[in-house]
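Comments concern the structure below.
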Amino acid sequence: MQAPAANRPQPEAQTDKTFFYVIGGEFTDTSFEEVLTRSNQIHGPFRSHDEAMSKWRSLSFQSTGNAQVRYEIAEVAHRMDRRTILLG
């Protein structure tokens, strides 16, 4: 026999959210395999791809004279529940 619905433990509230980050910086050469020390950057999180794209355009425009600078948009899915502690 099951307990009444009001007395049953409820599963933790969970949400799946996708965030976008703009990552990049200046690389040692145009093979884009090794980032120069202290030039790597992470911008975000952004809640939409459009917001991240706006930041990507801004950063890319600022570095048009340097062929060794590259930025890209990374999509990250976060699964959070009430027990998750966000450190900021």
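The values are calculated or read from the model by the stated rules, or taken from the named source; none is laboratory data. Quantities reported herein were computed from a predicted structural model and do not represent experimental measurements. Don't worry about glycine lacking a Cβ; one is built from the backbone with ideal geometry, like all the others, and counts go over all protein chains shown.
Quick notes on this structure:
- Unique residue being touching an Asp or Glu at 6+ places or on another chain (Cβ under 9 Å) and either modelled with pLDDT of 95 or more or of a type in the set (A, V, I, L, M, F, W, C) (or both) when the list is Val35, Val76: Val35
- Region 26-62, residues that are acidic (Asp, Glu) and either in contact (Cβ under 8 Å) with a residue 40 or more places away in the chain or not in a loop (DSSP other than H, G, I, E, B) (or both): Glu26, Asp50, Glu51
- Ile23 falls short of the stated requirement of being within 16 Å of Val76 (Cβ to Cβ), among the β-branched types (Val, Ile, Thr) and free of Cβ contacts under 8 Å to residues at least 40 places away in the same chain.
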